[in-house]
Amino acid sequence: MGNAQRSPGLLVSCGQLATYATYRCLEGFIGLLPLAWCWRIGTLVGSIAYFFGGSYRRLALRNLSIAFDSEKDTSQIRQLTHQHFRALGRNFFCSIKIALMPTAAVEQCVSYEGREHILKAAQDGKGVITTIAHLSNWEILSQVPSLGPDIPRSTLYQRLSNPYLNELVVRRRRKSGLTLFDRSSGFYGPLKHLRAGGGVGILIDQHAGDRGVWCPLFGRLASTTNLPALLAQRTGAAIIPVGVRADHPGHWIITYSPPVTAPSTATKPHQKINDITAQLNLALESFIRSAPAEWFWVHDRWKTPNPRFLLSDYRRGIWAGDPKKLKPYRVIVRSPNPLGDACMAVPAIRALKNGRPDMELTIHCRENLLPFWQQVSEVDHVLTTPRSANPLQVARTVRQQSLYFEAALLFPNSARSAIEYFLVGIPRIVGNRGHFRSWLLHQIPKAPKKISGPPPHHAHTYLEVIRQMGAHTDDSSLFNFPPLEKKASGSDNPPLKLGICPGAEYGNAKRWPIERFAQTAEQAYKKHQSSCIVIGSPAEKKIGEHFEQLYSPPGCRNLVGKTTISEMIDELKQCNLLLTNDTGTMHLAAFLGIPTVSIFGSTEPALTSPLGHGHRIIRRHVDCSPCFLRECPLDFRCMTEASVEEVSQALLKTMAKLV
C-alpha cells in the first residue's frame, strides 16, 4: 500500500527527470554550434512550430489582433504571427547558447542605447529598479553587466515547477554574478539590496491577476504588477525600463529609457503608484513597437479572469486614463425570450455595463425584442435572430459579426442557447446549470444559499449571476426607472390616459375577469374622464374585442393584437398609468416609468412584481397560491376575490397623485 501511495509522486519525479535529461541533451548539441548557426536553426524550428502549434498560434494571433487591430489588416497580422514564431525559435536556441558562453564573449554580442540613464540613476546611491520583459533574447540580461560595472545585480524570479531545471537555471545565473530573490520569499531581500545601492530587475509583462493594477497596454486593460512602483516608493530608487531587440544574427541591442516618475498632479500614494505602473506599460509598448515580432505573444497577457472578469472589486483597482481611449472589452448577452423577463434583467445589464470602463455590450435577442433593448441606454449593440433559426444558423450569425467577443452571458437556462454559443467558439461562456448543459459552459455561478422568508425577485436572481462575475450589485440606482414627464390633468391639460392590459399570454389563471376590467375602467372615467387604450398580444385579440363590447366610451381605443412592441412602447409612453394583470406589458410599463396597478393570482409578486416606484399590487393569497398553473383546476378564488371596488380604489388613489 505504501508503494502504491508513493507511485504518483515517483512518476512525476521520473517525468521531471526525463524532461531535464532531454533539455541537457539539447543543450549539449546547441553548445557545439556557433551562435550564428543557433540563430538559423532556431528560426527554422520556430517556423515549423508555427504550423504545428495550433493553440499557441491562435493565442498569438488573438493577442496581435488586440494590439494592432486598428493598424494592420488580417494578412499583416498573420504574417507577423509567423515572424513571431520564427523569433521564438531563434531566441530559445540563442538563449541556451548564450548561457554556455563566457561573459566576455557574451559582451561582444551586445551594444547599448541610452545607458547614460541608468548610470546617472546609480549615482544617487538609492538603488536602481529595472523593468524588463520577455523581449527578444531577454536571458542575455542575466549574462552581462547590464546595470553597469559597479551596480550589484539582482532579479526576482518565480521558481520553476521542475526542480532539476530550476536548480540548473539558478546555478547558471548565480555563476554570472546575479543575485536571485524568490518571489515567494517576500520582498525584504530586494528592499535591503536596493537600500545598499544595488539594482533589481523585475518582469512587468506577465498577467498579474488579483495582485495587479488594471491599466492599458496597447489600449486594452491588463492586470499589471505594481511592484516596481511600490519598491521605488519605499526606497527612493529610480525606475528604468529596459528592452532588448535583435540587431542582426548573433547580436542584440539593450535599450534604456529615461526614469519613470509619477506626474506632479498625482498627490495620493496609491495614485502615484498606479500612474507609474501605467507609464511602465507605455514604455513596454514602445519597446514592443520597435520590434513587434520579438515579444512573447504566446502568453495570455490580456487574460479574462475567472470568475471575476468584471473589475469593480479588484483590490488594486483600475487606472483607465481616458476611458474613451480604451479598446473595448466585448461581451454578448443572450436575452431572456419573454418580454417580462427581459425587463427584469435590466438591472443586471446595468451592473454588467458598470463592471468595467471598457465594456462594450451586445444584446442578442429574438427579433420581436429589438425595440425594447434599443430603449436600454447601457446596451451598445443589439443582434437579432429569428425564432425559426436553428443553432447552426444562430452561431453563424453571431460569428459573422465583425466583433470578437471575450465572453458570453446566457440568461436563458436552455440547452439550445448553450449549444448555440458553444458553436460560436466564444472563449468564456457563463450561464446557470440546467437541461444537461453544464459541459458546454466555462463558468457556472454558484446557486445562492436558501434563506427563510420570501423568495428573491427574478431581477435579483439575474443580479446574483452578475455579482459572481465581479460587479457591484448593491447600488439602488440599478432599479431606478425615472417616471416619464407628463402633464397633470387640469383645466388647461388633457385628461389622464389609462392603459389597460386585460390579457396574459401565459394562460387564463393569470387573467382577472374581463368584465371587472371594464367596470374598473368605467369608474376611472366617471371620476377623471380618462381616455384609455387596451393593449395586448395578437393571441389575445378576442379579449380586446370582448372588452370593447363591454366598455367603449369616447376616446377609448382597442389596440390588442394591432401593435408591434415598438408601437406598444410609443403608446405606453402616452399613458399616465396602466391597469394590468401580471404580464410582460406590466414590466414594460414599469421600465418606461409608468405606474401600474397590477392584479396577481396564480403567480407570486415577490418573484415578478414590477420594478421601480409608484406601483400598487392587488393580490388575494389563498391556500393554493401561488400555483403557477396556466389554467385553474379549482374555483379561481385567487382572482375572483379581488373585487372591482378594491381595484378601483387602488386605481383612483394612483390617479389622484397624478392630477
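The values are calculated or read from the model by the stated rules, or taken from the named source; none is laboratory data. Just so we're clear, the structure is a prediction, and the values are computed from it rather than from any experiment. With ideal geometry, Cβ positions are generated from the backbone for all residues, glycine too; neighbour counts draw on all protein chains shown.
For the structure I just gave you, tell me whether R315 is within 22 Å of the chain's Cα centre (by Cα), surrounded by fewer than 16 Cβ atoms within 10 Å (Cβ to Cβ), farther than 20 Å from L410 by Cα and not assigned by TED's automatic domain parsing to the domain that holds L607. Write out each step before concluding.
Working: within 22 Å of the chain's Cα centre (by Cα): yes; surrounded by fewer than 16 Cβ atoms within 10 Å (Cβ to Cβ): yes; farther than 20 Å from L410 by Cα: yes; not assigned by TED's automatic domain parsing to the domain that holds L607: yes.
Yes; evaluated as a whole, the condition is true for this residue.
Tell me, yes or no, whether region 400-414 has at least one residue that is modelled with pLDDT under 95, assigned to a helix (DSSP H, G or I) and more than 21 Å from L463 (Cα to Cα). No, every residue in region 400-414 fails to be modelled with pLDDT under 95, assigned to a helix (DSSP H, G or I) and more than 21 Å from L463 (Cα to Cα). Quick check on my filter: what residues within region 600-659 are under 16 Å from P455 (Cα atoms), among the β-branched types (V, I, T) and in a helix (DSSP H, G or I)? Across region 600-659, the qualifying residue is only T608. Of all the numbered requirements in (1) within 17 Å of G114 (Cα to Cα); (2) surrounded by fewer than 22 Cβ atoms within 10 Å (Cβ to Cβ), W302 misses one, and that requirement is (1). Is it true that E406 is surrounded by 14 or more Cβ atoms within 10 Å (Cβ to Cβ) and closer than 18 Å to A351 by Cα? In short, yes. Candidates I140, I129, I151: the one that is touching a helix residue (DSSP H, G or I) at 6+ places or on another chain (Cβ under 8 Å), crowded, with 19+ Cβ neighbours inside 10 Å and in a helix (DSSP H, G or I) is I140. When you check D300 against the structure, is it assigned to a loop (DSSP other than H, G, I, E, B) and farther than 30 Å from H84 by Cα, yes or no? Considered against the rule, which asks whether it is assigned to a loop (DSSP other than H, G, I, E, B) and farther than 30 Å from H84 by Cα, D300 comes out as no.
Exactly one of (1) closer than 27 Å to H528 by Cβ; (2) surrounded by fewer than 18 Cβ atoms within 10 Å (Cβ to Cβ); (3) in contact with a helix residue (DSSP H, G or I) (Cβ under 9 Å, 6 or more places away or on another chain) is unmet by H621. Its number? Result: H621 fails condition (1) only. Comparison of A208, A246 shows that the only residue that is closer than 26 Å to E71 by Cα and of a type outside the set (S, T, N, Q) is A246.
Which residue is surrounded by the fewest Cβ atoms within 10 Å (Cβ to Cβ), if the candidates are limited to region 243-260 and must be among the hydrophobic types (A, V, I, L, M, F, W, C) and in a strand (DSSP E or B)?
Per the stated criteria, the residue is I253.
Taking the conditions exactly as written (surrounded by 14 or more Cβ atoms within 10 Å (Cβ to Cβ) and in contact with a Leu (Cβ under 8 Å, 6 or more places away or on another chain)), does T461 satisfy them or not? For T461, the condition - surrounded by 14 or more Cβ atoms within 10 Å (Cβ to Cβ) and in contact with a Leu (Cβ under 8 Å, 6 or more places away or on another chain) - is not met. Being among the aromatic types (F, W, Y), part of a strand (DSSP E or B) and either in contact (Cβ under 8 Å) with a residue 40 or more places away in the chain or surrounded by fewer than 20 Cβ atoms within 10 Å (Cβ to Cβ) (or both), is that true of even one residue in region 366-375? Checking region 366-375: not a single residue is among the aromatic types (F, W, Y), part of a strand (DSSP E or B) and either in contact (Cβ under 8 Å) with a residue 40 or more places away in the chain or surrounded by fewer than 20 Cβ atoms within 10 Å (Cβ to Cβ) (or both). Where residues in region 173-193 are modelled with pLDDT under 85 and closer than 30 Å to P292 by Cβ, which of them is surrounded by the fewest Cβ atoms within 10 Å (Cβ to Cβ)? The qualifying residue surrounded by the fewest Cβ atoms within 10 Å (Cβ to Cβ) is S176.
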